[in-house]
Structures are given as C-alpha cells and as structure tokens.
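Let me begin by presenting the structure, written as structure tokens, before commenting on it.
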C-alpha cells in the first residue's frame with residue numbers, strides 16, 4: 001500500500017506503510033516512558049521476531065522526518081528517546097537519574113507570536129527542555 005506523505009505543506013515522495021512501521025508507531029503511541037530505539041526493538045520483537053535493530057532505527061528516522069514521532073535527545077550524551085505524543089508539552093530531564101517527564105508547556109509559550117520580529121515567518125514547533133532534580137532525587141541535589 002503506497003501513499004503520498006504531506007509534511008509542512010509539501011508533498012513528499014511516495015512511501016509504503018509497512019507492518020514494521022505500524023508496530024513501531026503503535027509501541028510509541030501506547031508508551032508513556034519515552035523509550036530508546038533499543039527498548040522499542042525489544043518490544044517490537046515480541047510481535048515481529050525477525051525485525052532488526054537497523055529496521056527500527058530506519059523507521060524511527062522516517063517517522064521522525066514525517067512528523068509522526070518526536071526524537072528527544074538527552075543533554076549529556078546517552079541514547080535518544082522517542083515519543084508518539086501529539087499534544088504540545090515540554091520535557092523535564094532529571095540530571096541525577098536521567099528520568100524524562102512530560103510537563104505542561106508554560107502558558108506564556110502556548111500562543112507565542114513574534115509580531116515585531118521580521119526575520120521569523122512562522123513557528124512550527126517549540127521544543128522546551130527543563131533540567132533539574134526530580135522529586136525522587138531531591139536529596140541527591142543537596143549533596
């Protein structure tokens with residue numbers, strides 16, 4: 001089954017919806033944990049035992065490029081995490097335990113406009129990452 005993909009108002013190349021891509025997208029839509037590619041791979045193998053890690057990476061990159069999933073890159077190295085959430089929100093990164101939490105986007109940023117800024121035509125995404133200590137690591141932050 002082929003389809004033309006629309007991304008940011010442009011018609012992209014003809015793509016095929018594969019079973020592997022569907023399984024990966026389902027895993028991300030159901031997950032609240034922001035899994036890594038390796039975690040997605042392990043879960044996908046339960047449904048598709050012959051799927052390779054390379055296939056997972058290729059499909060994650062494709063889905064990210066199409067705007068179907070978001071890649072969240074940690075600040076201090078580590079593996080990229082992915083999410084299938086389609087609601088606007090920010091991310092909180094715990095600098096001690098590497099927890100990654102969804103947090104509400106501050107109200108001041110929800111309808112941000114750059115009326116006085118001539119160099120900006122349109123804003124399509126605000127990607128806010130807040131760093132700090134989660135409640136579980138609160139004591140570690142004091143030491």
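The figures follow:
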quantity	calculated
Tally of residues being within 15 Å of residue 130 (Cβ to Cβ) and touching a residue at least 24 places away in the same chain (Cβ under 8 Å) across region 50-80	3
Of the criteria (1) farther than 22 Å from residue 31 by Cβ; (2) touching a strand residue (DSSP E or B) at 6+ places or on another chain (Cβ under 7 Å), which one residue 111 fails	(2)
Evaluation of residue 60 against (1) surrounded by 14 or more Cβ atoms within 10 Å (Cβ to Cβ); (2) in a loop (DSSP other than H, G, I, E, B); (3) under 14 Å from the mean Cα position of the chain (by Cα) (one fails), failing number	(2)
Test result for residue 116, free of Cβ contacts under 8 Å to residues at least 24 places away in the same chain, more than 19 Å from the chain's Cα centre (by Cα) and part of a loop (DSSP other than H, G, I, E, B)	yes
Complete set of residues in region 6-27 that are touching a helix residue (DSSP H, G or I) at 6+ places or on another chain (Cβ under 8 Å), surrounded by 14 or more Cβ atoms within 10 Å (Cβ to Cβ) and either modelled with pLDDT under 85 or farther than 13 Å from residue 66 by Cβ (or both)	15, 20, 23, 27
Unique match (being more than 24 Å from residue 125 (Cβ to Cβ) and modelled with pLDDT of 95 or more) among 58, 42	42
Odd one out for residue 108, checked against (1) assigned to a loop (DSSP other than H, G, I, E, B); (2) farther than 23 Å from residue 137 by Cα; (3) over 11 Å from the mean Cα position of the chain (by Cα); (4) without any contact (Cβ under 8 Å) to a residue 12 or more places away in the chain	(1)
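The values are calculated or read from the model by the stated rules, or taken from the named source; none is laboratory data. Worth saying up front: this structure is predicted, and the values here are computed from it rather than measured. Every residue, glycine among them, receives a Cβ derived from its backbone with ideal geometry; neighbour counts consider all protein chains shown.
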